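Written out below as structure tokens is the structure these notes cover.
The values are calculated or read from the model by the stated rules, or taken from the named source; none is laboratory data. Since we're looking at a predicted model, the values are computed, not measured. Here the Cβ positions follow ideal geometry from the backbone for every residue, glycine too, while neighbour counts run over all protein chains shown. Just so you know, the surface numbers come from the protein's heavy atoms only, side chains and all, with ligands and any DNA or RNA stripped out. Shrake-Rupley method; radii C 1.70, N 1.55, O 1.52, S 1.80 Å.
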Amino acid sequence: MQALLQQIENYKAEIAATNAITVDEVEAFRIKYLGTNGLVKTVMGEMKNVPNENKKKFGQILNDFKIFVQEKYNNLKESTSDTTLKTDDSFDWSLPGNPAVVGTRHPLSLVRNQIVSIFQKLGFAVAEGPEVEDDWHNFGAMNLPEDHPARDMQDTFYVNQNPSWLLRTHTSSVQARIMENEKPPIRVICPGRVYRNETISARAHCFFHQVEGLYIDENVSFADLKQTLYFFVQEMFGKDVKVRFRPSYFPFTEPSAEMDISCLICESKGCNVCKHTGWVEILGSGMVHPKVLENFGIDSNKYTGFAFGMGVERITQLKYRVNDLRLYSQNDVRFLKQFTGVV
Ligand code: PHE
């Protein structure tokens, strides 16, 4: 017993004097003293030879010894990593660090956010609706009965499992959902993704994005529609851009108009984007058709409204000169990182 205590003291002295510098030396220390066949284990093994009346006292001593070795090991480990770093001349501490790469917002998200915030300034609320729709909200309620020729304007993806479900072809379906649930006055914009069965090319894709607008109240006029969209264009593209309305046709608006802006790519000199006309169409619009209002029990003698739907890809193309629609969905970082820092 006395001999064992003496031995522990000797080990302690030996351990205290150990000076491990390299990582390998520290590891050797660990194996020698703390490993599965290490000294601490061996000394602990002596416990079984200690007479019962001394077990408690001796257990305490062994435990302290173990802690002592563990602490020494921790100290060695810490100072080793320090010395390695300080003495390693091969590392140039003045080198600049590797900056963390910060992601960017997708250009379509950037432009959508810009569009949304412009209309928020005018008091429009934001609403969203489902991308998988039923026939009624996408077509029927919007005054396109089943045999209406205007359904041909949009090649539709139908859902195999249930032919009355489809991928919405326009965000006008959200208009239907809003009128279904809310009473006028309604002043809302609906950003979202839409789908059409188009062959994918630089100019067409099977999905794209729209922002729909709907404003219904008493005495809403076509002048309100024009003024709202003028404001939007000026905020989005600046004061110099020119605007024109062309009569058009949509089954859910009457009268209907498409809005063009002067081509920002060629400054109206003529290019592929404006098909050498100097003008680019950015949205469809019109006064909400009385039948659409009546579909939702809104009294069309009391209330009038306007609606519009714009293409986010087209606006992004004009703003950032993106000339191939496919770039938006290819996830090529060389394309995406050009929008770093744009808010
Ligand atoms: N839904 C039409 C389209 O996708 C755009 C539109 C919306 C036109 C609202 C008029 C009013 O082409």
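Just one of (1) surrounded by fewer than 18 Cβ atoms within 10 Å (Cβ to Cβ); (2) within 12 Å of the ligand (Cβ to nearest atom) fails for residue 270. It is (2).
Residue 227 fulfils the conditions (1) within 14 Å of the ligand (Cβ to nearest atom); (2) modelled with pLDDT of 95 or more except for a single criterion, (1).
Of the helices (runs of 4 or more DSSP H) lying entirely inside the range 273-343, the ones with 2 or more residues being away from the ligand (no atom under 16 Å from the Cβ) are found at 312-320, 333-336. Among the residues examined, residue 219 qualifies as modelled with pLDDT of 95 or more, assigned to a loop (DSSP other than H, G, I, E, B) and farther than 20 Å from residue 114 by Cα. Only one entry of 94, 117, 79 meets the criterion of being modelled with pLDDT under 85 and not charged (D, E, K, R), and that entry is 79. Residue count for the range 5-26, restricted to those that are surrounded by 15 or more Cβ atoms within 10 Å (Cβ to Cβ) and part of a helix (DSSP H, G or I): 5. Looking only at the range 174-216, residues that are assigned to a strand (DSSP E or B) and either within 12 Å of the ligand (Cβ to nearest atom) or of a type in the set (A, V, I, L, M, F, W, C) (or both) come to 17 in all. Return yes when residue 36 is hydroxyl-bearing (Ser, Thr, Tyr), out of contact with any Phe, Trp or Tyr (no Cβ under 7 Å at 6 or more places or on another chain) and at pLDDT 90 or above and no when it is not. Spelling it out, residue 36 is indeed hydroxyl-bearing (Ser, Thr, Tyr), out of contact with any Phe, Trp or Tyr (no Cβ under 7 Å at 6 or more places or on another chain) and at pLDDT 90 or above. From the list 267, 212, 218, 235, exactly one residue is of a type in the set (Asp, Glu) and within 22 Å of residue 138 (Cα to Cα). Which is it? Criteria check complete, one pass: 212.
Results for (1) over 50 Å from the mean Cα position of the chain (by Cα); (2) without any contact (Cβ under 8 Å) to a residue 24 or more places away in the chain, shown as yes or no for each residue.
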| position | (1), (2) |
| --- | --- |
| 15 | yes, no |
| 27 | no, yes |
| 63 | yes, yes |
| 68 | yes, no |
| 109 | no, yes |
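Listed by first and then second residue, the pairs with beta-carbon distance under 9 Å, at least 6 apart or on different chains, first residue in the range 168-182 and assigned by TED's automatic domain parsing to the domain that holds residue 211 and under 13 Å from residue 135 (Cα atoms), second open to solvent by less than 10 Å² (accessible area, probe 1.4 Å) and in a loop (DSSP other than H, G, I, E, B), are 169/139; 173/139; 174/168.
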